[in-house]
Structure formats: structure tokens, C-alpha cells
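Have a look at the structure below, then the notes.
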Amino acid sequence: MKIIVAIKQVPERDAQLSILPDGRWIEEDALHYVINEPDAYALEEALQLKEQHGGEVVALCAGPERVTSTLREALAKGADRAIHIASDTIGKLDTLALAHVLAEPIRAESPDLVLTGLQSDDLGLGQTGVVLAELLGVPHSTLVLHVEKTGAGIRVKRELEDGWFQHIDLPLPAVLTIQSGGNKLRYATLMGIKKAKTKETRSEAAAIPGTPATVELTRIFLPEKQKQTQMLKGSPAEIAAQLVEKLRSEVRVL
């Protein structure tokens, strides 16, 4: 089974963000970049399938030269080889254009399965995997926690709402978007880091559509910290009723 894992490099979650003077994006030079967490779970799922059934895991990432560090991490964890789709403007593309960029090298590889994270930690759109499946013309499933190979294809476990799960069967090839938390993530071992240096990383130019749609951000803001105090008046029973109503309708924790 050949599995391609499409991963994305994102700023570290705890990074201190600074906005550029024009207010249109963040200052990227001082940031530390890591693999997108849901994509790390997609990679782990692929590696476990390979360990159980054999085959090959290929890590795929689009972006500037810095994303090769994330591809090396994937190789150190157990991916067999990597493909870098080189582009300094990948972040300006909309979901459809980005999916076109990813679809070209995936078609050339003819994989049995394509995995990616449910959504990215930076933009959180959750659209790329679904659009990619449509462009490839293959079935897809989202919110996947576990994948099991069957004689006719695969069976996946999907996370629904309120603690419910769904099991569905899919033929291959297929595209799956993986939910975080389905497996325990592995660390790259010292031996894995050494082996990664000898594994193939192929770089190719991004095949961006002729007239791609782009996303233009006109202004971004850092979250504002606010404190607000409300005094509830009345009898203890009245205050308790007011508090329950606010927790239910405003805070929405009940």
C-alpha cells in the first residue's frame, strides 16, 4: 500500500506573534515552525498502516525552502521519502488553487491512500482534503480517528458529535482527513534522524493554475484581553438562577 501524507508547516502554537507595520500579516522571520498537529496524527496513522501491512509512506509538503525541515522530521519518524513542492507564494492561494497544486504530484504517484490533517492550526479552514478528493475523483471521509485495511478497501472510524462514532467502508484509492487524538504520536529516534539524511527528498516547482484565486488579508489583529465583572442581585435562589442562565446562554458551558 502506497500512502501519501500531505503535511503543512505552521508557526509553533506558543510562539509570540508580532504584526507587521502594515497590519496585513504577522512577522515571520523570528518564528519557529513545526508540523501541523493534525497532520502529525495523519502521519502516525500512515506509519501504523505501513507497519501492519507493508508498503510505502511518502510525505508531501508545499511551501518555501524552510518546509524541508518539516519533511526531514517526517522522514526521521519513518516516512520512506519526501516531496517538496517549492513555492514562496503558496500561502496566498485559496483552497481550490492549493488543492490543484497538491493534486498534480499526487496523481503522478498513483497512491492507494492520501491522508492529511482535518485542518491547519494557523487558518483552520478544514477544506483542503475534501477539495483534493474531488479533484482526484476519489471517495473521501473526514474526522477520521482510525483506519483499518479490509479485503475490499478500508474501514474508517469517524468522530461525530456528543461522543458518537461512525464506521464506514470505502474503496481504494481514497482521501482521508485525520482528527487529532486518534493515536499516540511517536518521537523521532536518533537512528531515525540518521536514516533521514539518506532518504530521498525530491523538490519540484509548484504547478500553480494559470489564473489562481488568491486570498487577500486586509487587516489582522491580536486578541484583546478583556475583563468584565457583573454583580448579581437578589436572594440566594434568584442569584443562583441568574448564574445558571448566564452559564447556559452566555458562557455556554451548560
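The values are calculated or read from the model by the stated rules, or taken from the named source; none is laboratory data. Predicted model, so just to flag it, every value in this text is computed and none were measured. Neighbour counts are summed over all protein chains in view; Cβ atoms, including those assigned to glycine, are modelled from backbone coordinates with ideal geometry.
Laid out as a table, the results:
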item: The one condition in (1) out of contact with any Lys or Arg (no Cβ under 7 Å at 6 or more places or on another chain); (2) within 21 Å of I90 (Cβ to Cβ); (3) in contact (Cβ under 8 Å) with a residue 24 or more places away in the chain; (4) of a type in the set (D, E, K, R) that D39 fails to fulfil; result: (1)
item: Residue within region 79-87 that is hydroxyl-bearing (S, T, Y), more than 20 Å from L145 (Cα to Cα) and touching a residue at least 60 places away in the same chain (Cβ under 8 Å) present; result: yes
item: Filter result (crowded, with 19+ Cβ neighbours inside 10 Å and either in a helix (DSSP H, G or I) or without any contact (Cβ under 8 Å) to a residue 24 or more places away in the chain (or both)) within region 88-99; result: I90, A97, L98, A99
item: Evaluation of K199 against (1) in a loop (DSSP other than H, G, I, E, B); (2) charged (D, E, K, R); (3) without any contact (Cβ under 8 Å) to a residue 12 or more places away in the chain (one fails), failing number; result: (3)
item: Leading residue by the ranking (nearest to I4 (Cα to Cα)) among those in region 118-133 that are modelled with pLDDT under 95 and touching a Pro at 6+ places or on another chain (Cβ under 8 Å); result: L118
item: Test: residue in region 57-70 that is in contact with a helix residue (DSSP H, G or I) (Cβ under 7 Å, 6 or more places away or on another chain), under 27 Å from D14 (Cβ atoms) and part of a helix (DSSP H, G or I); result: no
item: Residue list for region 158-192, restricted to those being in a loop (DSSP other than H, G, I, E, B) and either of a type in the set (S, T, N, Q) or over 21 Å from the mean Cα position of the chain (by Cα) (or both); result: D162, G163, W164, P171, L172, Q179, S180, N183, T189
item: Test result for E44, under 21 Å from E148 (Cβ atoms), surrounded by fewer than 22 Cβ atoms within 10 Å (Cβ to Cβ) and acidic (D, E); result: yes
item: Matching option when the condition is surrounded by 18 or more Cβ atoms within 10 Å (Cβ to Cβ), of a type outside the set (S, T, Y), at pLDDT below 95 and not in a helix (DSSP H, G or I), among V5, V10; result: V10
item: Any pair with Cβ under 9 angstrom, 6 or more apart, that starts in region 124-139 at a residue that is β-branched (V, I, T) and ends at one that is surrounded by fewer than 16 Cβ atoms within 10 Å (Cβ to Cβ) and modelled with pLDDT of 95 or more; result: V138/P171; V138/L172
item: Close pairs (6 angstrom Cβ cut-off, 6 or more residues apart or separate chains): among the acidic types (D, E) in region 1-23, surrounded by 13 or more Cβ atoms within 10 Å (Cβ to Cβ) anywhere; result: E12/V34
item: Number of positions in region 32-56 that are touching a Leu at 6+ places or on another chain (Cβ under 8 Å) and either within 18 Å of Q9 (Cβ to Cβ) or assigned to a helix (DSSP H, G or I) (or both); result: 10
item: Positions within region 170-201 being touching a strand residue (DSSP E or B) at 6+ places or on another chain (Cβ under 7 Å), surrounded by 12 or more Cβ atoms within 10 Å (Cβ to Cβ) and among the charged types (D, E, K, R), in sequence order; result: K199
